[in-house]
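Trainee: Structure below; questions to follow.
The values are calculated or read from the model by the stated rules, or taken from the named source; none is laboratory data. Note that this is a predicted model, so its numbers are computed, not measured. Note: ideal-geometry Cβ built from the backbone for every residue, glycine included; neighbour counts use all protein chains shown. For accessibility, only protein heavy atoms count, side chains too; no ligands or nucleic acids. Shrake-Rupley method; radii C 1.70, N 1.55, O 1.52, S 1.80 Å.
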Amino acid sequence: MTQAPEIRSSSSFEPGASAGSAAADPATKAQLFDYRQAANPVRHGLTEPIPYHQWGPDLHSSGPSRVIPLDLSRELGTAGPSTSPALAAHFLRIEAGEGLPASANATSSLFFVLEGRGLCRRRAEGPSPAVSLSWQAGDLFVLPAGGAALLEAETSSVLYWVHDGPLLHHLGATASEPRFQATHYAGTWLRQELEALAADPSSANSNRLSLLLANRDLPASRTVTHTLWAMFGMVPAGAVQAPHRHQSVALDLIVDCDPGCHTLVGTELDADGAIRNPTRIDWQAGGAFVTPPGHWHAHVNASGRKALLLPIQDAGLHTYLRSLDIRFAG
C-alpha cells in the first residue's frame, strides 16, 4: 500500500510584505497535511502517548525536606516537571520544625497529607486572599491561583501535591484570578463518610465505593476545583471491580493497602467484559501511579483488609469541555 504523500504549502508573497525577509511573510510557517496523516497525531515520535508508570514510597520515606517531582516530561516530550500533559504531581517531605514552599503558576493546587501535621500559610496577593489552615494525616486541601504556599511541619510530614501548571505552560497563560476559595477536607470526615457509604445496603452492587470531593464554588461540575477531580475511595477485601474508563488522566495515590492489591489496565475488553492482555500495577501504601486516559482499568483487592486510594484527575476540565466520556464495562 502506497503511503499518502505529505502536502506542504509553498511560500507566497503577501502585498505589503518585504520580499527579502522570510520572517515578515505570514505564510512561512504554514503547512498542510493529508487528513490520514494528521487526524490522530498521538503516536510515538510525534505527540507521545501517556505511559504507564509508578513510584514507590521509598522516594519520600527518609531524607531532608524537599519537593520530589513525579516527572514524566522526557517520556511525554513536554516541559517539566509534568506527570501528564496537564498535571504535575509531587511528593513533599518536610522534617519537623521546617517549612517548605510550594509555588507554581497554576489555577489549582491539591494537597493530601499522607503523614504528619502542620500549617499552610499563604500571603494575600492581588485578588487572592491570605490562607492559613492547619492540616494533619488524612486531610486534603486545595488552593486557587495565588502566591507560594509555605508548608510548615510540626512533625515529620509527607504530602502529595498535584497542580495544573503544565496545562498553563502549554497555553502560554498566567494564573491571575482565583476561581474558588481555599477549601479544607478533614480526614476524619472523609473516613467517616466513606465508612457510612460502605455500610449503606444500596452500595452492595456499586461499581465504586467512593466519595467525590466537591466545592460549593463549583456547583455545576461537582469537582474539587474547576480543573481537578478527586475521589476518596475504598476497595473492600476480596473485591474485584468491573472495568471502567474515561478520557481524563488519573494520578492515583495509594493511601493505605496490604500486599495483594493491584490495578489491571489495558486498551481493550474481551467478549466477557474483562480487560484483554492487561498490565498489572501492584499497589504500595504511599506510592502513586498513572492511569492513561481512555484505558480500561479495574482495581482488585486480594488481601484480607480494605484498601484506600485517591485518584486525582484533570476531569474538572473535561467536565467543563463535556469530553469526560466515562464508561463502565457491561
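Trainee: I'm told S203 meets every condition in (1) open to solvent by 50 Å² or more (accessible area, probe 1.4 Å); (2) more than 15 Å from V255 (Cβ to Cβ) except one. Can you identify the failing condition by its number?
Mentor: So the condition that S203 fails would be (1).
Trainee: How about region 91-151: which strands (runs of 3 or more DSSP E) wholly inside it have at least 1 residues that are open to solvent by less than 30 Å² (accessible area, probe 1.4 Å) and over 22 Å from I254 (Cα atoms)?
Mentor: The qualifying strands (runs of 3 or more DSSP E) are 99-102, 117-122, 131-136, 140-144.
Trainee: Further, regarding this structure: Can you pull out the residues in region 257-273 that are more than 18 Å from I326 (Cβ to Cβ) and surrounded by fewer than 17 Cβ atoms within 10 Å (Cβ to Cβ)?
Mentor: Residues satisfying the conditions are D258, P259, G260, D270, A271, D272.
Trainee: Please enumerate the residues belonging to region 160-182 that are touching a residue at least 24 places away in the same chain (Cβ under 8 Å), closer than 21 Å to L76 by Cβ and open to solvent by 90 Å² or more (accessible area, probe 1.4 Å).
Mentor: Correct list: H169, H170.
Trainee: Inspect all residues belonging to region 183-199 and state whether any of them is surrounded by fewer than 14 Cβ atoms within 10 Å (Cβ to Cβ), under 20 Å from L310 (Cα atoms), acidic (D, E) and at pLDDT 95 or above.
Mentor: Looking for residues that are surrounded by fewer than 14 Cβ atoms within 10 Å (Cβ to Cβ), under 20 Å from L310 (Cα atoms), acidic (D, E) and at pLDDT 95 or above, one finds at least one in region 183-199, hence yes.
Trainee: Restricted to region 196-235, and to residues that are in a helix (DSSP H, G or I) and without any contact (Cβ under 8 Å) to a residue 12 or more places away in the chain, which residue is nearest to V131 (Cα to Cα)?
Mentor: Ranking the qualifying residues of region 196-235, first place goes to A196.
Trainee: Let me ask you something else. (1) open to solvent by 40 Å² or more (accessible area, probe 1.4 Å); (2) closer than 22 Å to R327 by Cα; (3) out of contact with any His (no Cβ under 8 Å at 6 or more places or on another chain): which one isn't true of R245, the others all being true?
Mentor: Of the numbered conditions (1) open to solvent by 40 Å² or more (accessible area, probe 1.4 Å); (2) closer than 22 Å to R327 by Cα; (3) out of contact with any His (no Cβ under 8 Å at 6 or more places or on another chain), the odd one out for R245 is (3).
Trainee: Could I ask something else about it? Can you find, within region 220-231, the residue that is farthest from Q313 (Cα to Cα) among those that are in contact with a strand residue (DSSP E or B) (Cβ under 8 Å, 6 or more places away or on another chain) and surrounded by fewer than 23 Cβ atoms within 10 Å (Cβ to Cβ)?
Mentor: Filtering region 220-231 for residues that are in contact with a strand residue (DSSP E or B) (Cβ under 8 Å, 6 or more places away or on another chain) and surrounded by fewer than 23 Cβ atoms within 10 Å (Cβ to Cβ), the one farthest from Q313 (Cα to Cα) comes out as R222.
Trainee: Give the residues of region 28-83 that are in a loop (DSSP other than H, G, I, E, B), open to solvent by 30 Å² or more (accessible area, probe 1.4 Å), in contact (Cβ under 8 Å) with a residue 24 or more places away in the chain and under 20 Å from V265 (Cβ atoms), sorted by residue number.
Mentor: E48, P49, I50, P51, Y52
Trainee: Of all residues in region 312-330, which are crowded, with 23+ Cβ neighbours inside 10 Å and not hydrophobic (A, V, I, L, M, F, W, C)?
Mentor: Scanning region 312-330 gives Q313, D314, G316, H318.
Trainee: Going through region 298-311 one residue at a time, which ones are open to solvent by 10 Å² or more (accessible area, probe 1.4 Å) and more than 21 Å from R191 (Cβ to Cβ)?
Mentor: Listed by number, the residues that qualify are V300, A302.
Trainee: Quick check, is E98 of a type in the set (D, E) and in contact with a Ser or Thr (Cβ under 8 Å, 6 or more places away or on another chain)?
Mentor: yes
Trainee: To continue, here is another question. Counting only residues that are within 18 Å of L253 (Cα to Cα) and open to solvent by 10 Å² or more (accessible area, probe 1.4 Å), how many does region 282-295 have?
Mentor: So the answer is 6.
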